[in-house]
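Presented below is the structure to which this report refers.
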Amino acid sequence: MGKTLFDKIWEKHVVKEPGAGLSVLYIDRHFIHEVTSPQAFAGLKKRGLRVFRPEQTIATADHNVPTLNQHLPIREELSRRQVETLIQNCADHGITLYGLGHPYQGIVHVIGPELGITQPGMTIVCGDSHTSTHGAFGCIAFGIGTSEVEMVLATQCLLQAKPKQMRITVDGRLKKGVVSKDAVLYILSKISASGATGYAIEYAGSAIRSMSMEARMTICNMSIEMGARCGLIAPDETTFSYLKNRQFAPKGSDWERAVNYWKTLYTDSDAIFDKEYFFDAEEIEPMITYGTNPGMGIPVTGAIPAQETLPENERKALAKALAYMGLKEGEKLKGKKIDYVFIGSCTNSRLEDLRMVAQLVKGKKKAPHVEVWVVPGSKQVEAQARAEGIDKIFEEAGFQLRQPGCSACLGMNEDKIPAGKYCVSTSNRNFEGRQGAGARTILASPLTAAAAAITGEITDVREWLND
Amino acid sequence: MIKPVAQPFTILTDTYIPLPVENIDTDQIIPARFLKATSKEGFGKNLFRDWRYENDDESRPLADFVLNNPAYKGSILVAGKNFGCGSSREHAAWALADYGFRAVVSSFFADIFKNNALNNGVLPVTVSEQFLQKLFTQTAEATLTIDLSVQTITLNTTGEQEHFEINAYKKTCLLNGYDDIDFLLSLKEDILQFEKKHSYGYEKENHLAPRRRDWP
Ligand code: SF4
């Protein structure tokens, strides 16, 4: 029987199989940030340990940093202390830190790929659930807790049970106005927020193959929202040309050797998955969410499901979600007035996303009642956006271009959506209070979010796109 | 020598706190604004913060939330399916442990949460949906007995019992209060050997991530 891409990478990283179905898995790359690492370093200290392979850990400050005036000291004391603790820990252990002010700083899942640190065939972990993003390059990349961060710092290994495997095939072409975010929200609405728990997902099919690396990252990013341990896509020419000449990608003869190896990373045609799903790209429409988990999504022209159309056990959850969101069953969201638009997060804050938004809003102005924040994923994205004049387009449209960080994706810094306000967000989670206590999040693609910013209401972006 | 790092878990008999909500994500268990700490202590008082208080005001507890109901107490939380989904924050497990929970019972747990809980001596017990629904219909006096060594959970009022699954290695760790780090540290030689033959498809010397000297 053939092997899956996941099998091939996994087997190459097993140090030992101590029994009980567990593997000691070697970790090639470890990303850390200020929020989930301090207790891990404290744990090491308590045990009198040093970081085992400091050169395989890369740090950045992103979750809890301000997105305005990053050159000034952080005002909020606890946040400042957390960032200072990271700086100290990295200095103590010889870990490379791309902190505030560094030209490589940014959201951890944006900078890893952009710098070429993320490469096919690797195992990558980070104390953040959206580590699944890196799987777009054909790696096994998954989020871990702080105890596990400590294990990786101490031994470069983790004790893991091999997950089951699922393949999601999307064939065909995405229609105009439909982008990869819509595709993943669509898949989520079909298989639910727990539909892939316990699985590693491989995404395949012609629709996935024709996507850019940025678009693939958006898909893999949201694997965790289906409960999956990770999501991955076999590397191909798109992957190689994205990585070529990146800062830390292999160079010269190493490049040839690497690409030859990367070309062996695919699922054999006779490999068997524990579960398979097939979707038709043509059926996907621009998507929005109406509830409080990312699986509660509908086409932008659709209506919120009515209680009685749902299985008994889901009705209570729907009622609770709608009460929080201030929405009614059967209601249509198109035309619904909104208050904020957030374009950012590791799901959609890359250059391609900003370009997509700029192209749509060029020469237009935001609705007067809407506040619009665009938070680039990294310093490099920000710099490139400015070099291309995207900042000017945003300024004219009344969009606020901020500095890189997680920002309103999780509302840990000052960037919070006020209670009761509706925010169309390109991030990945619409949980209660995720963007601030009482905030009401509507997840959407960058295109749909940009259109909402201009009209001030939920809009079908397709009506704006001419043939 | 492996030494206990957490309180060992053997048999637990206690009343429980029912929370019949599905898909409870870790943002609810501990909202992001409380993740600014650099230590593991004190998260219990912010457990389920936004479900506990009106407008984040400790003097205005929301009466209909179960943690504010003095009738319900105990070191076991019983929650709806897909508990602990979302963010990987281990702070959620720290908050549950700090509040005094030693076990969480549900019909389904999110993966990362399950690991985080186990790494902090909080036992996730997966039961059938039917058993779970039964637990939600009992009175506040009902007690559960969780026996880790034989992997059973019993509703003592009715005597109904279920077997639950747990990885054999993780079970040993919990029974003795060990954690993974000591085990991994004991494999140092294997890891060094592994590194010698591990390849990235290109020259070994170049396989490492950027060092400081590579800064622009
Ligand atoms: S942008 Fe949001 S989802 Fe992504 S790493 Fe930051 S907090 Fe997590």
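Worth a mention:
- Sub-7 Å Cβ pairs linking a first residue in region B:37-49 that is within 12 Å of chain A (Cβ to nearest Cβ) and more than 18 Å from B:PHE65 (Cβ to Cβ) to a second residue that is of a type in the set (A, V, I, L, M, F, W, C) and surrounded by fewer than 18 Cβ atoms within 10 Å (Cβ to Cβ), at least 6 apart or interchain, are B:SER39/A:ALA42, ordered by first then second residue.
- Checking A:ILE168 against (1) assigned to a strand (DSSP E or B); (2) within 14 Å of chain B (Cβ to nearest Cβ); (3) more than 16 Å from the ligand (Cβ to nearest atom), the condition it does not meet: (2)
- In region B:26-55, the residue that is nearest to the chain's Cα centre (by Cα) out of those that are aromatic (Phe, Trp, Tyr) and farther than 22 Å from A:ASP62 by Cβ is B:PHE48.
- Looking at region A:255-368, the strands (runs of 3 or more DSSP E) lying wholly inside it that each contain 1 or more residues that are within 16 Å of the ligand (Cβ to nearest atom) and among the polar types (S, T, N, Q) sit at A:287-289.
- Candidates A:SER206, A:SER212, A:SER241: the one that is under 14 Å from A:THR133 (Cα atoms), surrounded by fewer than 16 Cβ atoms within 10 Å (Cβ to Cβ) and of a type in the set (S, T, N, Q) is A:SER212.
- Some residue of region A:197-211 being within 14 Å of another protein chain (Cβ to nearest Cβ), modelled with pLDDT under 95 and out of contact with any strand residue (DSSP E or B) (no Cβ under 6 Å at 6 or more places or on another chain): yes
- For A:LEU232: the one exception among (1) within 12 Å of chain B (Cβ to nearest Cβ); (2) surrounded by 24 or more Cβ atoms within 10 Å (Cβ to Cβ); (3) in contact (Cβ under 8 Å) with a residue 40 or more places away in the chain: (1)
- Count of region A:89-110 residues which are on the phi < 0 side of the Ramachandran plot, out of contact with any Gly (no Cβ under 8 Å at 6 or more places or on another chain) and outside any helix (DSSP H, G or I): 8
- Unique match (being surrounded by 15 or more Cβ atoms within 10 Å (Cβ to Cβ) and more than 27 Å from A:MET151 (Cα to Cα)) among B:LEU185, B:LEU132: B:LEU132
- For region A:59-88, residues that are more than 11 Å from chain B (Cβ to nearest Cβ), outside any loop (DSSP other than H, G, I, E, B) and under 19 Å from A:PRO376 (Cα atoms) total 1.
- Identity of the residue in region A:44-58, assigned to a loop (DSSP other than H, G, I, E, B) and more than 9 Å from chain B (Cβ to nearest Cβ), that ends up nearest to the chain's Cα centre (by Cα): A:VAL51
- Top-ranked residue in region A:244-254 [being more than 9 Å from every other protein chain (Cβ to nearest Cβ) and in a loop (DSSP other than H, G, I, E, B); ranked as surrounded by the fewest Cβ atoms within 10 Å (Cβ to Cβ)]: A:ASN245
- Residues located in region B:163-183, provided they are facing chain A (nearest Cβ under 8 Å), not acidic (Asp, Glu) and not in a helix (DSSP H, G or I): B:ASN167
- Here A:ILE107 fits the description: within 16 Å of the ligand (Cβ to nearest atom) and more than 9 Å from chain B (Cβ to nearest Cβ).
- Residue count for region A:91-103, restricted to those that are facing another protein chain (nearest Cβ under 10 Å), crowded, with 16+ Cβ neighbours inside 10 Å and away from the ligand (no atom under 16 Å from the Cβ): 4.
- Total residues in region A:296-317, condition polar (S, T, N, Q) and closer than 14 Å to A:GLY335 by Cα: 1
- Test: residue in region B:36-56 that is small (Gly, Ala, Ser) and either within 16 Å of the ligand (Cβ to nearest atom) or over 29 Å from A:ARG81 (Cβ atoms) (or both): no
- Selection of region B:82-116 for residues being among the polar types (S, T, N, Q) and either outside any loop (DSSP other than H, G, I, E, B) or touching a helix residue (DSSP H, G or I) at 6+ places or on another chain (Cβ under 8 Å) (or both) yields B:SER87, B:SER88, B:SER106, B:SER107, B:ASN115, B:ASN116.
- If you check A:ALA385, A:ALA449, A:ALA453 for being within 16 Å of the ligand (Cβ to nearest atom), not in a loop (DSSP other than H, G, I, E, B), not polar (S, T, N, Q) and not assigned by TED's automatic domain parsing to the domain that holds A:GLU34, only one passes: A:ALA449.
- When A:SER407, A:SER427 are checked against the criterion of being surrounded by 19 or more Cβ atoms within 10 Å (Cβ to Cβ) and farther than 30 Å from A:ASN466 by Cα, a single residue qualifies: A:SER407.
- Test: residue in region A:412-421 that is within 21 Å of A:ALA383 (Cα to Cα) and either touching a residue at least 12 places away in the same chain (Cβ under 8 Å) or within 14 Å of the ligand (Cβ to nearest atom) (or both): no
- If the condition is being within 14 Å of the ligand (Cβ to nearest atom), closer than 13 Å to B:SER88 by Cα and at the interface with chain A (Cβ under 7 Å from one of its Cβ atoms), then region B:16-35 contributes B:ASP25, B:ASP27, B:PRO31, B:ALA32, B:LEU35.
- Looking across region A:29-42 at every residue that is within 8 Å of chain B (Cβ to nearest Cβ) and not in a loop (DSSP other than H, G, I, E, B), the one that is nearest to the chain's Cα centre (by Cα) is identified as A:ARG29.
- Among residues of region B:80-116, those that are of a type in the set (A, V, I, L, M) and farther than 23 Å from A:ASN428 by Cβ, counted: 5
- Take the conditions (1) more than 16 Å from the ligand (Cβ to nearest atom); (2) within 11 Å of chain B (Cβ to nearest Cβ); A:ALA397 misses just one of them, which is (2).
- Here A:TYR26 fulfils each of the conditions (1) out of contact with any helix residue (DSSP H, G or I) (no Cβ under 8 Å at 6 or more places or on another chain); (2) modelled with pLDDT of 95 or more; (3) facing chain B (nearest Cβ under 8 Å) apart from (1).
- Considering residues of region B:184-207 that are within 34 Å of the chain's Cα centre (by Cα) and facing chain A (nearest Cβ under 7 Å) only, the residue modelled with the lowest pLDDT: B:HIS198
The values are calculated or read from the model by the stated rules, or taken from the named source; none is laboratory data. What you see is a predicted model; the values in this text were computed from it and never measured. Heads up, the Cβs are rebuilt from the backbone with ideal geometry, glycines too, and the neighbour counts pull from every protein chain shown.
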